Every structure is written in structure tokens, then in C-alpha cells.
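J.: One structure coming up, written as C-alpha cells, with questions to follow.
The values are calculated or read from the model by the stated rules, or taken from the named source; none is laboratory data. All of these numbers come straight from a predicted model, not from anything done at the bench. Cβ placement follows ideal geometry from the backbone for every residue including glycine, while neighbour counts extend to all protein chains displayed.
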Amino acid sequence: MDIYLIRHTKTAAQQGLCYGQSDVELADSFPAEAHKLQQKLPEFNQENLVFSSPLTRCMQLAEKFSGTVNADSRLLELDFGDWEGLHFDTIEAGVLQQWTDDFVHAAPPNGESFTDLCRRAGLFWQALLTREAEHVLVITHAGVIRALLAHILKLPPANAFQFRVDPGSVHKIRHLDNYTYIDYINK
């Protein structure tokens with residue numbers, strides 16, 4: 001099974017806005033970015049599986065690939081809780097610093113830690129491997145892609161941020177004979 005982890009394209013969100021699970025719009029450049037992204041992928045047929053975060057910035061892209069998209073909340077970006085919709089520079093500096101010093105285990109108020117995100121992304125991955133398909137597309141967010149790569153490679157969650165995950169990037173994974181290979185990252 002070839003699995004393509006795809007990050008949504010650029011958003012229209014203001015620089016510095018905290019919008020993990022907020023439903024922000026895609027940038028006006030979406031049609032061109034989506035076309036460029038499609039050029040990175042092989043031709044797919046309708047028998048392929050397409051999974052997406054339920055947020056508009058992912059679903060809009062997923063619908064370019066298939067009329068049948070499986071929205072899965074396990075593919076949502078990190079929940080920033082009370083910080084959703086705030087600009088990072090408006091969050092009290094000491095509180096923000098405590099979180100950034102230990103984001104793997106600490107959660108924003110009423111949000112989730114990166115460990116929580118890794119746990120739910122891992123549950124998605126385990127369920128995915130029970131499915132039968134030649135090609136699978138997973139349209140999601142940078143945090144989820146990092147969590148999945150760390151899960152596959154059995155890396156500590158803190159090491160996940162060593163993976164660059166650009167908007168509109170593709171990361172190809174191959175699962176064959178109960179073994180998972182990484183073909184490429186951040187194409």
C-alpha cells in the first residue's frame with residue numbers, strides 16, 4: 001500500500017495567528033497550489049482511499065482527489081484550546097514560554113499536548129494499516145504528519161519537529177509485507 005501524507009496548502013490566516021483546530025480559509029492561491037500539488041502525485045482511480053482532517057483547509061483539497069472523502073477527527077491539528085484564534089504575541093509571555101519549553105507534555109489551557117496528538121495520530125495509523133488499498137491519500141496538517149512520521153520511525157515525539165513539513169507538501173510511505181518504508185519526505 002502506498003500512503004501519501006499531504007499537508008494542506010497555504011492558508012489565509014494572518015502571520016502569528018494560533019489556529020490549530022480553528023477552521024481558517026485557504027489562501028487565494030489555492031487553485032494554483034492544488035494544481036502544483038496534483039503534479040507531484042501519480043494518477044489515482046476511484047478505488048483509492050482518501051482520508052482528511054474535517055477542517056475546510058484539508059477537505060477542500062481532499063475533494064480535488066475524490067468525491068468520497070473519509071473525514072477523520074484523529075487527523076485534526078493540535079488543539080490549542082483557549083489560545084485558538086489568538087495571536088501568539090498576545091498570550092502572556094511566561095505562560096507561552098512554559099508551553100514552548102515542554103510542548104511535548106504540556107498543553108495550552110483546555111487544549112492538548114503534542115503527546116496527545118501523537119496518540120490519536122497513532123490510533124489512526126494502526127486502523128489505516130488494517131485497510132486494503134493500493135493507494136491512500138491522507139490530507140492533514142503539519143503536526144499530524146510529524147506525529148505520524150515519528151510514530152512510524154519509533155522516534156520520541158520531541159524529535160518529530162526535525163521533519164520539515166511545508167504547505168502543500170507530499171510525504172510518501174510504503175507499507176508492504178508488514179513493514180513500513182519511507183520513500184520520501186517533503187516533496
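J.: When you go through Ala150, Ala121 one by one, which is the residue that is in contact with a Cys (Cβ under 9 Å, 6 or more places away or on another chain) and small (Gly, Ala, Ser)?
T.: The unique qualifying residue is Ala150.
J.: Only one residue in Asp82, Asp89, Asp28, Asp72 is surrounded by fewer than 14 Cβ atoms within 10 Å (Cβ to Cβ) and either of a type in the set (A, V, I, L, M) or touching a Pro at 6+ places or on another chain (Cβ under 9 Å) (or both). Which one?
T.: After ruling out the rest, the residue left standing is Asp82.
J.: Sticking with this one: Kindly establish whether Glu77 is surrounded by 16 or more Cβ atoms within 10 Å (Cβ to Cβ), within 21 Å of Lys10 (Cα to Cα) and acidic (Asp, Glu).
T.: yes
J.: Give me the pairs, please: first residue somewhere in the range 28-48 and within 23 Å of Glu134 (Cα to Cα) and touching a residue at least 40 places away in the same chain (Cβ under 8 Å), second residue anywhere and acidic (Asp, Glu) and surrounded by 10 or more Cβ atoms within 10 Å (Cβ to Cβ), beta-carbon distance under 7 Å, and either six or more positions apart or on two chains.
T.: Going by the 7 Å Cβ cut-off, the qualifying pairs are Asn48/Glu134.
J.: For the range 165-186, how many residues meet the condition of being charged (D, E, K, R), in a loop (DSSP other than H, G, I, E, B) and at pLDDT 95 or above?
T.: 1
J.: Before we move on, is Val144 part of a strand (DSSP E or B) and modelled with pLDDT of 95 or more?
T.: Spelling it out, it is not the case that Val144 is part of a strand (DSSP E or B) and modelled with pLDDT of 95 or more.
J.: Within the set of pairs 6 or more residues apart or between chains, which connect a residue that is of a type outside the set (A, V, I, L, M) inside the range 79-108 to a residue that is loosely packed, with under 10 Cβ neighbours inside 10 Å and not in a helix (DSSP H, G or I) with Cβ atoms less than 9 Å apart?
T.: His87/Gln14; His87/Gln15
J.: Taking the range 124-166 only, how many residues are under 20 Å from Val69 (Cα atoms), of a type outside the set (A, V, I, L, M, F, W, C) and surrounded by fewer than 17 Cβ atoms within 10 Å (Cβ to Cβ)?
T.: 5
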